[in-house]
């Protein structure tokens with residue numbers, strides 16, 4: 001590279017760095033002050049910003065910083081975002097940096113309209129009067145309108161599609177899991193699924209409010225129909241595989257199974273099999289509800305639940321095979337879960353954990369004959385014998401930790 005080309009390259013690099021530094025170092029007073037409501041499309045009136053626009057960069061000139069003249073941000077910034085972007089490109093600003101600058105600027109522009117709708121309004125309490133409820137549904141609807149408007153502006157300016165924030169409802173849900181699940185869907189399907197999910201949440205919340213959070217037979221039936229309708233609408237947008245993936249990442253069934261099967265360590269295929277069968281069983285159970293709160297009705301419901309559980313176990317056994325099903329059942333036992341936790345904490349072998357688990361099962365299953373006289377003495381002796389066996393199998397510290405877990409207590413830190 002000759003000296004002339006090198007000087008040109010260094011000059012251009014300096015301009016880019018100065019431009020970026022000028023943007024980063026702007027004081028709050030120099031930041032654009034948006035008009036409220038925000039103007040449509042891509043032009044912001046100059047009077048709405050705290051910067052002077054007299055010295056815009058000439059259309060065909062790159063600032064010659066190596067000549068000694070001072071380069072200022074005002075030479076680039078403009079009230080017209082399209083001209084602003086063009087000026088940034090003329091001084092060699094990288095496209096990603098341009099995108100970051102414009103997105104940040106537009107976010108600041110819309111923030112005064114978005115923030116009041118995101119936060120719950122605090123309504124002053126009037127003595128002797130009930131505080132009127134805030135219409136969060138209306139706030140969420142207005143917020144979505146503003147976010148959609150901002151999205152259109154960014155699409156026009158930068159030709160990028162910035163997804164709108166997931167519109168959370170008033171209920172407590174794992175919104176982070178849903179956001180991740182949406183990002184993993186094909187881009188062309190995300191908006192449709194997000195809209196369906198948000199509408200479902202609003203309808204679900206409204207249904208609960210209608211029935212005052214009471215699980216009456218009427219509520220259960222309406223909720224079941226709402227879930228069926230939601231599933232049907234999702235199935236119109238997603239393939240069966242996409243829908244299953246979405247369910248696995250967002251459903252309470254999957255979350256519960258993930259916790260239950262930690263010690264089972266299923267393969268992806270095994271988890272999918274158990275998930276499908278469990279989900280089908282839950283869907284079936286939703287259609288059966290207690291119509292009358294009588295002993296006979298409750299007994300019939302309990303028997304139906306037990307039958308469904310036995311049927312589910314048989315299906316899972318067929319899907320996993322005898323050996324893995326035995327491991328699956330063991331992993332659901334809280335005693336084995338506790339022993340596994342203790343084993344991991346104290347570095348015990350899997351053989352030691354399994355041996356201790358078999359001892360636990362034997363202790364629970366074998367009845368102890370307690371003669372009436374000396375009942376407490378015999379019971380204490382049996383428990384002491386079991387404790388000594390566990391100590392021999394696990395070691396003193398691990399056995400003590402297991403006794404704490406077995407008794408429902410939090411395990412203390414290991415002894416030094």
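The values are calculated or read from the model by the stated rules, or taken from the named source; none is laboratory data. What you are looking at is a predicted structure, and each value in this text was computed from that prediction instead of being measured. In this analysis, Cβ positions are derived from the backbone assuming ideal geometry, glycine residues included, and neighbour counts consider all displayed protein chains.
One table, with the values for the structure above:
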read-out: Residue selected from segment 106-126 under the condition outside any helix (DSSP H, G or I) and modelled with pLDDT of 50 or more, by the criterion nearest to residue 165 (Cα to Cα); value: 119
read-out: Residues of segment 216-254 classified as more than 27 Å from residue 269 (Cβ to Cβ) and not in a helix (DSSP H, G or I), total; value: 1
read-out: Any chance residue 339 is closer than 30 Å to residue 390 by Cα, free of Cβ contacts under 8 Å to residues at least 24 places away in the same chain, part of a helix (DSSP H, G or I) and out of contact with any strand residue (DSSP E or B) (no Cβ under 7 Å at 6 or more places or on another chain); value: no
read-out: Matching entry among 313, 308, 283 (being under 23 Å from residue 247 (Cα atoms), under 29 Å from the mean Cα position of the chain (by Cα) and part of a helix (DSSP H, G or I)); value: 283
read-out: In segment 306-320, the residues that are free of Cβ contacts under 8 Å to residues at least 40 places away in the same chain and surrounded by 13 or more Cβ atoms within 10 Å (Cβ to Cβ); value: 308, 311, 312, 313, 315, 317
read-out: Scope segment 167-181; condition over 10 Å from the mean Cα position of the chain (by Cα) and surrounded by 14 or more Cβ atoms within 10 Å (Cβ to Cβ); matching residues; value: 167, 168, 169, 170
read-out: Those residues of segment 342-381 which are modelled with pLDDT under 90 and part of a loop (DSSP other than H, G, I, E, B), in sequence order; value: 366, 367, 368, 369, 370, 371, 372, 373, 374
read-out: Boolean, residue 331 is assigned to a helix (DSSP H, G or I), in contact (Cβ under 8 Å) with a residue 12 or more places away in the chain and farther than 24 Å from residue 361 by Cβ; value: no
read-out: Conditions (1) surrounded by 13 or more Cβ atoms within 10 Å (Cβ to Cβ); (2) closer than 22 Å to residue 221 by Cα; number of the one not met by residue 266; value: (2)
